[in-house]
Amino acid sequence: MKRILVSLVSEHTIPNILIAAHYKPDDFWFVSTDKMERERKVECIVNTLKLKELLPASGNIQKVIVDQDSPSDCMGKIESLIEKVDGEVEYVVNITGGNKLMALATYEVFRETGQRVIIDYIPLGKNELVQIFPRKKPLRTCKIKERLNLEEYLSSYGFGIQNKNSLEKVKTNALSRKESSQWILDNYEQLKDMLGFLYKNLKDVRNKKEYQLSATFDRDPANSELEILEKHGFEIKDRLISKDMKKDEIVYLTGGWFEEFVFNEIYTLVQEGTLDDARIGVQIESHSRTSNDLDIAFMKDNSFYYVECKTLGNEEDQSIIRDEIYKKGAISALLGKGEKRAMICTTQSQINESLTKRARDYSIGILSIEQVRNFKNRLRERFEIQK
C-alpha cells in the first residue's frame with residue numbers, strides 16, 4: 001500500500017523533515033501559501049529530504065497553494081489531489097504547520113476520505129509525534145528517534161554551507177592543537193600582553209597566505225611569554241620578535257586558539273554522545289545570498305546552537321560584545337529561536353551587567369573566561385537537566 005505524507009507548510013520546516021524521517025513515505029504532498037512560496041519553504045524541505053536520502057527516486061511530489069484564511073479554498077484544493085489517487089493508500093497528515101484554519105480544514109477532509117488516515121502533530125521544540133486521529137484515550141504519542149546533523153538543519157532553513165569541503169580539515173587541525181589551546185587558556189593572564197602584541201601586528205594580515213613578522217615588544221618577555229614564542233618557533237633577539245608565518249598560524253595566534261579550545265570542549269560531548277554534531281569555522285549562505293560566519297555550531301536533539309568567541313584585551317571597552325549581541329540576535333531570527341541557543345564566549349574576567357541584560361533579551365548567553373574554562377561541564381549539566 002502506498003503511503004502519502006501530507007504536510008502543511010509554515011516557517012518551521014523541521015517538523016516536516018522529522019515526520020518524513022519517521023514514516024519514510026512514498027509520495028509527498030505539500031499544502032503551502034503564497035507567503036511560504038515567496039520564502040521558498042517547500043524548496044528547503046525538499047532539498048533537505050534529498051540530502052537525507054528520504055526522497056525515493058520514484059517519489060511523487062505535489063503541491064497546492066491555498067488561501068490560508070479560506071477553509072473552502074483549502075478543502076477544495078486538497079480534495080482535488082485526493083480525487084486523482086487510484087487504489088488504496090495510507091495518508092499520514094502532518095498538521096503541525098499552517099495556521100489554525102488550514103489545520104482544521106485539512107483535518108475535516110482527511111478524516112472522511114474512507115482511506116486509512118493518521119493525523120499527527122509535533123509540539124514545537126519536542127521530538128515526539130502526537131496522534132490526533134484516529135483518536136486514542138489517552139492521546140497516543142511516539143518518540144522521534146531521528147536526529148538532524150548541522151548541514152541538514154541549515155538546509156531546512158534555506159542555508160547552504162559554503163566551505164563544506166574544508167570543514168573536516170579545520171576540525172582536524174583544531175583537534176590536533178587541543179593541548180596547545182588548553183595551555184594558552186590556562187596561562188591566559190600571563191600571556192595576555194604577548195597575545196595582544198601579536199594581534200596588533202597580525203590582525204590586518206589574517207587573510208594573507210604568508211607574512212614576515214618583525215616587531216619589537218615593549219619590554220623583556222616574561223618566562224611564559226618566551227615559552228609561547230618558542231613553542232611557535234619565533235626568533236627572539238632582545239625585544240625584537242620575528243618569524244615567517246603562514247596563514248593558519250596567524251589566525252591561530254590572533255584568536256583562533258580560543259575558538260579551538262571552545263570547539264574541543266564541545267566536540268568532547270559529541271564523542272561521548274551528549275551532543276549530536278559540531279563544526280568549527282562554518283560559512284553559510286541563504287537563498288537570498290545573505291552570508292554569515294559561525295565560529296562554532298552544534299546540534300542537540302534537533303535544535304541548533306552556535307557560539308561566537310571573542311578574545312578581548314580591554315576590560316573597559318566591551319563594545320565588540322554589544323555588536324555581537326545584535327548580530328547573533330539577527331541569526332537567531334533566521335535559524336530558530338530558543339532559550340540561550342546562542343552564546344558568546346569571551347576572555348573577559350567580568351561582563352558588564354547592562355550587556356548581560358541586553359543579551360538575555362535576545363536569548364543569548366555571555367560567558368566570562370572563568371565560565372569558559374568550565375564550558376564542557378556547564379554544557380553537560382545543562383543538557384542533562386533537559387533530558
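Structure notes:
- You will find that of Asp204, Asp218, the residue that is of a type in the set (Asp, Glu), farther than 21 Å from Ser180 by Cβ, without any contact (Cβ under 8 Å) to a residue 40 or more places away in the chain and in a helix (DSSP H, G or I) is Asp204 and no other.
- Of the helices (runs of 4 or more DSSP H) that lie entirely inside segment 1-80, those containing 1 or more residues that are open to solvent by less than 50 Å² (accessible area, probe 1.4 Å), modelled with pLDDT of 95 or more and among the polar types (S, T, N, Q) span 14-23, 41-51.
- Cβ pairs under 7 Å, 6+ apart, first in segment 130-150 and of a type in the set (A, V, I, L, M), second surrounded by fewer than 14 Cβ atoms within 10 Å (Cβ to Cβ) and part of a loop (DSSP other than H, G, I, E, B): Val130/Pro123; Val130/Leu139
- On the stretch given as segment 156-183, residues that are of a type in the set (Val, Ile, Thr), surrounded by 16 or more Cβ atoms within 10 Å (Cβ to Cβ) and over 30 Å from Asn16 (Cα atoms) total 1.
- Answer from Thr274, Thr290 - the residue that is more than 15 Å from Val170 (Cβ to Cβ), hydroxyl-bearing (Ser, Thr, Tyr), touching a helix residue (DSSP H, G or I) at 6+ places or on another chain (Cβ under 9 Å) and at pLDDT below 85: Thr290
- For segment 284-293, filtering for residues that are touching a residue at least 24 places away in the same chain (Cβ under 8 Å) and either in a strand (DSSP E or B) or buried (at least 18 other Cβ atoms within 10 Å of the Cβ) (or both) leaves 5.
- Among residues of segment 264-283, those that are assigned to a strand (DSSP E or B) and among the β-branched types (Val, Ile, Thr), counted: 2
- Flag if Arg322 is open to solvent by 20 Å² or more (accessible area, probe 1.4 Å) and either in a strand (DSSP E or B) or at pLDDT 65 or above (or both): no
- Residue check for Ile118: at pLDDT 95 or above, open to solvent by less than 50 Å² (accessible area, probe 1.4 Å), farther than 20 Å from Ile61 by Cα and not charged (D, E, K, R): no
The values are calculated or read from the model by the stated rules, or taken from the named source; none is laboratory data. What you see is a predicted model, and the numbers here were worked out from it, not measured in a lab. Positions of Cβ are generated from backbone atoms using ideal geometry, with glycine treated the same way; all protein chains shown enter the neighbour counts. Side chains included, ligands, DNA and RNA excluded: accessible areas come from the protein's heavy atoms. Shrake-Rupley method; radii C 1.70, N 1.55, O 1.52, S 1.80 Å.
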